[in-house]
Structure formats: C-alpha cells, structure tokens
1. Amide H neighbours of B:Gly224 under 5 Å, at least 5 residues apart or on other chains, H built in the peptide plane: list them.
2. Amide H neighbours of A:Arg157 under 5 Å, at least 5 residues apart or on other chains, H built in the peptide plane: list them.
3. At q = 0.09, 0.10, 0.13, 0.14 Å⁻¹, what log₁₀ I(q)/I(0) does the protein assembly as shown have when each alpha carbon counts as one equal point scatterer in the Debye sum?
4. Along Cα→Cβ at 7 Å, what distances in nm separate the B:Glu16 label point from those on the other copies, shortest first?
5. Would you list, by chain and number, the aspartates and glutamates whose Cα falls below 13 Å from the Cα of A:Lys177, excluding same-chain residues fewer than 8 positions away?
6. From Cα pairs below 8 angstrom and at least 6 apart in sequence, can you work out the relative contact order of chain B, rounded to a whole percent?
7. Add +1 for every Lys or Arg and -1 for every Asp or Glu among the other residues with Cβ under 14 Å from the Cβ of B:Ala54, and state the total.
8. Order these peptides, B:197-203, B:19-25, B:218-224, by their mean beta-carbon neighbour count within 10 angstrom, highest first.
There are 2 protein chains.
Amino acid sequence: MTVTIAPVDGLPEIRESDDLAALIAERAELRDGDVIVIAQKAVSKAEGRVVRLAEVEPSDRARELAADRDPRQHEVILREAARLVRTRPPLVIAETRHGFVCASAGVDASNAPEPETVVLLPEDPDASAARIRDRLRELAGAEVGVIVSDSFGRPWRQGTTDVAIGAAGIRPLLDLKGVQDAVGYELHATVIAVADELAGAAELVMGKTSGVPAAVIRGVDADGEGSARELVMPADRDLFR
Amino acid sequence: MTVTIAPVDGLPEIRESDDLAALIAERAELRDGDVIVIAQKAVSKAEGRVVRLAEVEPSDRARELAADRDPRQHEVILREAARLVRTRPPLVIAETRHGFVCASAGVDASNAPEPETVVLLPEDPDASAARIRDRLRELAGAEVGVIVSDSFGRPWRQGTTDVAIGAAGIRPLLDLKGVQDAVGYELHATVIAVADELAGAAELVMGKTSGVPAAVIRGVDADGEGSARELVMPADRDLFR
C-alpha cells in the first residue's frame, strides 16, 4: 500500500477567526481515512493565541533567562511553562501545561502574524483537532483524522522533527504487545508513535518558509479515537524527568 | 509536490551475506532522487551482526541490569554500550559507539534470524548506507539516497519513531539559518532533521511484523552528501548528557 503526502497549496496567511477547515476543504479533495496534518502555528493564529510583546512586562527571572534576547518573550515563555526542564540562557526547555517538553514552552516568534508578536500553543490542541475534524466532516463529507503538528527538538539528536501535539480521529500509538515476529518472538515492548511519524512525514511537504501549513496523508490505516495526550510519557514511566 | 512512500514488497527473510541492494533493485523500480529507507535489522543481518547467546558469558553487572530477563542479552548490551545513560533494570538506555542514545544500545532480539540470537547495530551504518547506494547505482543505474533506519524511543514521549542511523546521498539536516519567514523574522535556530522524518515516514509502510524492511520515498528534494553522524548532537551543545 503506497502512502501519499500532498501539500495543501494556496492557503492564505492565517488570521484570527479564520475557518481553517473551510480554507483546507476548498483546496483539497478529502476522502474517508485521510489524515490532515496542520501546523500548530496556523491553528494558533486562527485561535488568536498571539501575544503582543508591547503588552508584556518582563520579570527579573525573564531578564535573567533571556540573556541577549528580548526578555518580554522569555516572560511569555515563563507564563506558558508548567516546569522548566533545562535552561542555558537564552535557551529554555520547558514542560507545557499539556505535558509536552519543548523549546520555549512552544512560544515562537517565527511565522508570527506581525513583528513584535509571539505565538503560543493552542490552549487544548486535541480540542482544536477535534473541532477541525468535525468541521471537515460537515464541509467535505469525509471522515478524516486530524493532527496538529509542531517542530520539537530532541535530546541527543540535532535538528527538529514535527510531532503531533493535537489529534482527533486517529490512533496515535500502535501497540504491538502480544504480536509475534517471524520467529515467534513477542514484541512486548513495541509501541509505535504513528501520530508523530505522520506529523514528521507531513513536514516533508510543508516546509517552514514555503507557507504551506497543511498536508493530506492518504493510504495510512490509522483510524481510531485517540488524542495526542496519549503521546505524553506518564511521569512514573519517564526516566528523563 | 506530492511525496509517495512505497513498500518494497516480497523481500525474503534476510540472511548473512545477502546482497540487499540486489534484492531491492529486483523488486522496486528506482529513479534518480529516490530515497531508499532500509530497516537496520535487515542491514545488520546481511552484515552478520548477530550474536548467539549460547556463546555469551554474562558478567555480574549484566545479571544485575537484567533483572528477570536473560543476562546474556544484557552482557551483549554492555559490550555495545559506550556509556550507560539511564538504567532501570531490565531497561537500559545507552549511548552506542556511534553516538546514538537508544534502548539496549541497539541490541534487539525481535526479528532476529532465529531464537537465542540477538542483532547488533551495523558497525558503521553510514558505510552500510554508502555501500548499498553504490550497489544500487550499479544495478539500477539510479542516483538514490539511502537511509538505514531504526526505531528509537524518546524522552517524555510514548512510543518509538524510526530515525536515521545511517545515510548516504542525502542531506540529513536542512538548515534554515538566515532564511526569513513571511514577516521578515530570521529563522536563526531552525534546523530540520529531514533524514529522521524520512525514516519515520518510511516506517508507516514498513511495519514491524509485516516483513517489509524497505521502502522507497519519491518526491523529496533531499539530495546531498551527508551522513547520519551529523544527526548526533555534539556533547558541548547537548543539554541532556
């Protein structure tokens, strides 16, 4: 079974209150079982998750962490962080309220709607994905999966890969527990983060600067009722807290 | 530009000294610019990177780390590890000689050629990829990229994703330094681990139990002369050593 990944071309710059699902449905022919991956930045902008730095007063802690960068941005990072995991000013790795560990608690100035603003992660990216999924069903009549993706760094490895921070209508993890390989060895510890692989695959056609914030993946059997919260390692199983 | 990911179907169980490139070239029509992703397990088996547990004498340290598991396997893990990163018996996260941080230093009993054997990572996965690439050029007349992939866990996130542990003929990292977004913000810290996203994308059609150890990705512009070693974070930049 061949998998295809197609960019959704021609989307305008996303603004607050835009109907992202409608913008996508107008530009992509969707089928049952497709997975639509949408960049977090687009979802956040549509949801108005944008902060004007002019309205932010940085704390001493923010100034300290910012080093030579804008301390107002670091103030926003501190507000978005549930826990700081590592800091090397101006670099901050933080856990968000959702449980995601990422640079700057997901606060980002790139691809913001205008200068002097930063974009936050959606309040509830799984709910964002579910809303977009429902709207796509309404508009396109197709039962699709939706992933909200973001670019995360990883310990020990260079570069970011896109991962799923929100999901609806898909099974984010494929658990092979009890499944046996060809010589009868049971794959007891094998769980595949399919949603993250889908998000990364979509990045291959989206690109950071080409202004393509969405892609359609076809041919993957990942239907299900899951959420991206399942991708967060529970604290008691996490060797890296 | 649409990207396609096609499994290489019908490959036999791989044995030592198999000509993997020939087996693939017989079953897939390759074109210039294609990226061939091959599961580490297949590459390792072809290279004879298999250890019979009957020939392994476990040390006390291996017994300690193994808990209720086979201490001979943990002995092999200790031999393959350059550094132990975290241990919670029987779980061992280790850095390999190549610099990769992964479970069991890449030693795995699943999909081994027979019971009572374990498979090691290739000695030099970049060299493995380069050899396969040269052979594919010879056999298929196509200038392709080759990635050797393996399933790695990640801190803080559930499930594994496939990443590149060997590469040839591709640019593993896409550095957007100096590139500006639509509002003129310079993406100074944006480097995308394209090779890892390609490896993860290929996993979507490979599957752990379906016996498909290779896939062909078409439509991605990732030509270059890089190696998977570039994906290893240098120690001085690593906040998680």
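1. Under 5 Å from the amide H of B:Gly224 lie the amide H atoms of B:Ile170, B:Arg171, each far enough along the sequence or on another chain.
2. Residues meeting the criterion, in which the H sits 1.01 Å from N, are B:Met233.
3. -0.59, -0.74, -1.23, -1.40
4. Ordered by increasing distance: 6.7 nm.
5. Cross-link targets: A:Glu186.
6. Rounded, it is 26 percent for chain B.
7. It works out to a net charge of -4.
8. The peptides rank, most packed first, as B:197-203, B:19-25, B:218-224.
Every read-out reported here was derived from the displayed coordinates using simple, explicitly stated rules and does not represent laboratory data. The model shown is predicted, which means the values in this text are computed figures rather than measured ones. FYI the Cβ positions are ideal-geometry reconstructions off the backbone, even for glycines, and counts take in every protein chain you see.
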